[in-house]
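The values are calculated or read from the model by the stated rules, or taken from the named source; none is laboratory data. Note that the structure is predicted; figures quoted are calculated from it, not measured. Note that we place each Cβ from the backbone using ideal geometry, even for glycine, and neighbour counts take in every protein chain shown.
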Amino acid sequence: MLITATRRVMNDSLARNSLLIMATTVVNGGLGYVYWMLAARAVAPQQVGTATALISAATALSMIANLGAGHMFIQRLPGSDPGRWARIVGGGLLAGCLATASAAAAGAVLVPMAAANFGFLQRPAGAVALVCAATAITATTLLDNVYVAHRAGHGMFVRNLVLAAGKIVALVAILGLGAHSAGAVVLSWTVPTLLVSAATVLFGLGRLRPGARLRLTGLAAELPHLRAALTGHHLINLTQAGPAALLPVLVTARLGAGANAHFYLAWMTASMLFMVSPAVASALYAERTNAAGVGLRRAATVVLSMVGVPAALLLTEGDRILALFSAAYAAEGGLLLKILVLAAIPDAITNLAVAHWRSQGEFRLCRRLNVARAVTCLALSWLLLPGAGVTGAGIAWLAGQAVSALLVGAVALSLKKAAPA
């Protein structure tokens with residue numbers, strides 16, 4: 001029976017690549033858990049908070065500046081000849097990384113002016129770290145989307161496994177040298193990301209499209225497509241993933257780096273749930289751009305099968321899991337973790353609906369759904385954090401997801417009534 005089920009999964013492109021993307025999520029989450037546990041035990045909470053604040057800011061800046069090239073890859077790479085393929089990937093990577101580096105350089109100047117708790121970015125080392133971390137995040141995100149576009153989840157899994165393990169090795173090595181600071185954490189997180197991305201470009205991409213070599217000639221022809229990706233895919237992605245990237249930044253701005261350390265480890269623990277539905281949504285979109293007829297119900301089944309057990313575990317054992325970091329992390333983040341787990345259900349509903357309507361070209365509808373949850377989440381976070389502490393961010397996140405899920409239901413119902421019999 002197990003062999004038969006395995007064969008069915010391997011022969012089902014959506015299930016196979018969704019599971020490989022899920023495996024990538026598990027690897028990143030599991031090894032990331034080990035990484036942050038080591039950091040939390042070896043580095044003071046204030047320093048961990050500073051490092052997580054910088055990485056969160058870099059993630060937010062990458063999200064803002066990557067131009068939507070990742071979903072452009074999923075839309076355009078299937079069926080492209082080697083020359084066109086190389087131009088699309090080369091142009092998207094170059095434009096996304098340059099835009100991110102520029103945005104991060106500006107952020108190093110502007111963010112401390114808006115939030116005093118980010119004053120560490122005013123130092124040259126902080127500014128350089130922000131630019132490098134943000135650019136590394138954009139590069140690895142876009143490269144993952146190249147693999148998703150080709151439904152080659154195995155390649156993405158391998159490169160992320162190497163990356164997650166490399167971060168742990170780098171952290172242990174730097175700690176062994178006696179460095180126990182925020183800079184040590186950021187360095188061990190950023191350098192492996194840059195190295196694995198470079199190795200992927202040099203040795204991995206050629207296996208996806210034999211005969212294709214990345215080139216920087218003829219990129220002017222890509223500008224119209226990048227503009228289209230910016231106004232279409234990028235705004236959808238930005239409003240979808242932006243709140244997740246900005247929440248740690250808001251926590252730091254309102255409560256300080258120490259509180260962000262407690263928030264971030266609870267958030268990281270729950271992130272294994274929040275990565276599931278976006279991964280399946282990306283796989284669903286890739287299936288449809290590859291002319292495969294995949295239903296929304298099948299995608300929902302994959303999400304539920306992957307989220308159910310981890311969600312139950314986190315609800316019942318979340319406090320004990322956080323206590324592995326320290327008793328303080330469990331005390332401050334226990335209720336927050338439970339709230340975040342509950343938010344995974346409406347989050348999945350919206351993510352799958354957006355992928356479905358995106359494949360039908362309904363970009364405006366997708367943007368409106370994501371804007372509704374982003375505005376709700378971020379506005380409530382700003383209001384609730386001073387009084388409710390880090391738990392306020394969880395309440396705001398749950399509220400934003402619930403609002404968007406209700407809107408999905410309302411839109412689906414109206415479309416059903418409007419459809420001809």
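Residues are listed down the side, and each one gets a yes or a no for (1) buried (at least 22 other Cβ atoms within 10 Å of the Cβ); (2) among the aliphatic types (A, V, I, L, M); (3) in a helix (DSSP H, G or I); (4) out of contact with any strand residue (DSSP E or B) (no Cβ under 7 Å at 6 or more places or on another chain):
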position: VAL109; (1), (2), (3), (4): no, yes, yes, yes
position: LEU143; (1), (2), (3), (4): yes, yes, yes, yes
position: LYS167; (1), (2), (3), (4): yes, no, yes, yes
position: LEU187; (1), (2), (3), (4): no, yes, yes, yes
position: SER197; (1), (2), (3), (4): yes, no, yes, yes
*Of the conditions (1) modelled with pLDDT under 85; (2) of a type in the set (Gly, Ala, Ser); (3) in contact with a Cys (Cβ under 9 Å, 6 or more places away or on another chain), ALA331 fails just one. Which one is it?*
(3)
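Results for (1) charged (D, E, K, R); (2) in a helix (DSSP H, G or I); (3) out of contact with any Ser or Thr (no Cβ under 7 Å at 6 or more places or on another chain), shown as yes or no for each residue.
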position: LEU250; (1), (2), (3): no, yes, no
position: MET268; (1), (2), (3): no, yes, yes
position: TYR285; (1), (2), (3): no, yes, no
position: ARG297; (1), (2), (3): yes, yes, yes
position: ALA300; (1), (2), (3): no, yes, yes
position: LEU322; (1), (2), (3): no, yes, no
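Can you tell me which of GLY155, GLY183, GLY206, GLY211 is assigned to a helix (DSSP H, G or I), more than 23 Å from the chain's Cα centre (by Cα), modelled with pLDDT under 90 and small (Gly, Ala, Ser)?
Details: GLY155 fails: more than 23 Å from the chain's Cα centre (by Cα); GLY183 fails: more than 23 Å from the chain's Cα centre (by Cα); GLY211 fails: assigned to a helix (DSSP H, G or I).
On inspection, the qualifying residue turns out to be GLY206.
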*Would segment 79-92 turn up any residue that is of a type in the set (Gly, Ala, Ser), crowded, with 24+ Cβ neighbours inside 10 Å and either touching a residue at least 60 places away in the same chain (Cβ under 8 Å) or assigned to a helix (DSSP H, G or I) (or both)?*
yes
_MET306 farther than 24 Å from ALA374 by Cα, assigned to a helix (DSSP H, G or I) and either touching a helix residue (DSSP H, G or I) at 6+ places or on another chain (Cβ under 7 Å) or modelled with pLDDT of 85 or more (or both)_ = yes
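Would you check which residues across segment 59-78 are closer than 25 Å to ARG151 by Cβ and either in a helix (DSSP H, G or I) or among the aromatic types (Phe, Trp, Tyr) (or both) and list them? Even if it seems obvious, please write down each step before you answer.
First, pick out the residues of segment 59-78 that are closer than 25 Å to ARG151 by Cβ: 62-63, 66-78.
Result: SER62, MET63, ALA69, GLY70, HIS71, MET72, PHE73, ILE74, GLN75, ARG76.
Give the residue, chosen from LEU255, LEU250, LEU313, LEU284, that is under 27 Å from ALA393 (Cα atoms) and under 19 Å from the mean Cα position of the chain (by Cα). Step through it out loud before you land on a result.
Working: LEU255 fails: under 19 Å from the mean Cα position of the chain (by Cα); LEU313 fails: under 19 Å from the mean Cα position of the chain (by Cα); LEU284 fails: under 27 Å from ALA393 (Cα atoms).
From the options LEU255, LEU250, LEU313, LEU284, the qualifying one is LEU250.
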*Among the residues of segment 260-289, how many are buried (at least 21 other Cβ atoms within 10 Å of the Cβ) and closer than 19 Å to ALA330 by Cβ?*
12
